[in-house]
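Reviewing the structure listed below.
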Amino acid sequence: MPNPKPVIEFYGKHGENDYQGEFTLTDGLHDFRKKSVPNDSAYSFKVKDPQPGYTITIYNSASGSEGESWASYELVAPFPNNPTQRMSVDAGYKVPVGQEIVPGVRANGHKDTTQLTGKVSSVRVTIKDTSA
């Protein structure tokens, strides 16, 4: 039986009690103006059914422009928790690329010109085949 696809859940400023929405991690840009997550309301996130090979880049820009603030995260095995621990959308700021932030999630780069919390407008998902 194939693994279920990972799902990203977003939370607002009041943490676990402030669920904002979720979507399945599929390849490409997910513009919050066209999704089930309100624009500019995400403060933190976690991933249900995490799998290695997924890169999640969270943007201030709806178009995924790297000219504004962004933070990127790579899902890597092992995942001791399902879902992953909840973390701030800008947890990757000032963290070296490759450093584990929570178990199974590593920093993958960032641009921190302004705060990202409460300003998230899109997410780009890149999926790398890890079966080889």
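The values are calculated or read from the model by the stated rules, or taken from the named source; none is laboratory data. Remember, predicted model here, so these are calculated numbers, not experimental data. Every residue, glycine as well, gets a Cβ built from its backbone with ideal geometry; the counts of neighbours run over all protein chains shown. Side chains are part of the model used for accessible areas, which takes the heavy atoms of the whole protein and leaves out ligands, DNA and RNA. Shrake-Rupley method; radii C 1.70, N 1.55, O 1.52, S 1.80 Å.
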Verdict on ALA62 being touching a residue at least 24 places away in the same chain (Cβ under 8 Å), in a strand (DSSP E or B) and either under 13 Å from SER122 (Cβ atoms) or open to solvent by less than 40 Å² (accessible area, probe 1.4 Å) (or both): no
Report, by residue number, each residue of region 102-132 that is of a type in the set (A, V, I, L, M) and either touching an Asp or Glu at 6+ places or on another chain (Cβ under 7 Å) or buried (at least 18 other Cβ atoms within 10 Å of the Cβ) (or both). VAL105, ALA107, LEU116, VAL120, VAL123, VAL125, ILE127
Residue list for region 83-105, filter: more than 25 Å from TYR19 (Cβ to Cβ) and basic (Lys, Arg): LYS94
Is it the case that THR117 is under 18 Å from SER41 (Cβ atoms) and either assigned to a strand (DSSP E or B) or under 13 Å from the mean Cα position of the chain (by Cα) (or both)? yes
Please give the strands (runs of 3 or more DSSP E) falling wholly within region 1-40 in which 2 or more residues are of a type in the set (A, V, I, L, M). 7-11
So LEU29, is it at pLDDT 95 or above, closer than 17 Å to LYS128 by Cα and surrounded by 17 or more Cβ atoms within 10 Å (Cβ to Cβ): no
For the list (1) of a type in the set (Val, Ile, Thr); (2) open to solvent by less than 20 Å² (accessible area, probe 1.4 Å); (3) more than 25 Å from HIS14 (Cβ to Cβ), I need the number of the one condition that VAL47 fails. (3)
Where a residue in region 1-23 is free of Cβ contacts under 8 Å to residues at least 12 places away in the same chain and its partner, wherever it lies, is surrounded by 12 or more Cβ atoms within 10 Å (Cβ to Cβ) and of a type in the set (A, V, I, L, M, F, W, C), with Cβ under 8 Å and at least six apart: TYR19/PHE10
Any pair with Cβ under 6 angstrom, 6 or more apart, that starts in region 72-87 at a residue that is open to solvent by 60 Å² or more (accessible area, probe 1.4 Å) and ends at one that is of a type outside the set (A, V, I, L, M) and not in a loop (DSSP other than H, G, I, E, B): ARG86/SER44; ARG86/LYS46
